[in-house]
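Values in this text are rule-based calculations from the coordinates and carry no lab data. Since the model is a prediction, treat every value here as computed from it, not as a measurement. All Cβ positions, glycine included, derive from the backbone under ideal geometry; neighbour counts span all protein chains shown.
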Amino acid sequence: MLNSVKGDFILLHREGKLIDSLEFSNLIKAKSTHQFVIGGVYGVSEEVLKKASLILSLSPLTFTHELTRLILLEQIYRAFTIIHGKNYHY
């Protein structure tokens, strides 16, 4: 993974950029493939921070990396509902 060229992955990090669901759906739509990196208990190395094409935060709150996977999956689902013109607020 660390041998990846910059631009190959999106890092989820507590100090990343906060975006809303519409912006996230536009991000998903703009790229054909995505790799997401979620840091563990001790975060990520400086090398990983530097190589990320984009650094996003899911929330100002802190989540376990296991819970982050679930939240990310829900946001990807929500992005595809937006892309396909379906309602995502009920």
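Computed values, structure above
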| read-out | value |
| --- | --- |
| Helix-only mean residue ellipticity at 222 nm for the chain, each DSSP H run of n ≥ 4 adding -39500 (n - 2.57), per residue, nearest 500 | -12000 deg cm²/dmol |
| Folded to 0 to 90 degrees: helix 65-83 orientation relative to the chain principal axis, Cα | 40 |
| Acute angle (nearest 10 degrees) that the helix 21-30 long axis makes with the longest principal axis of the chain, alpha-carbon atoms | 80 |
| Protection proxy ranking, peptides 52-58, 70-76, 42-48, average beta carbon neighbours within 10 Å, highest first | 52-58, 70-76, 42-48 |
| For region 36-47, Karplus couplings with θ = phi - 60° (6.51, -1.76, 1.60), whole Hz, Gly/Pro x | 10, 10, 10, x, x, 4, 9, x, 10, 6, 4, 4 |
| Global geometry of the chain, whether rounded, prolate or oblate, following the gyration tensor of its Cα atoms and the 1.5 cut on a/c | oblate |
| Rel. contact order, % - alpha carbon contacts under 8 angstrom, at least six apart, the chain | 43 |
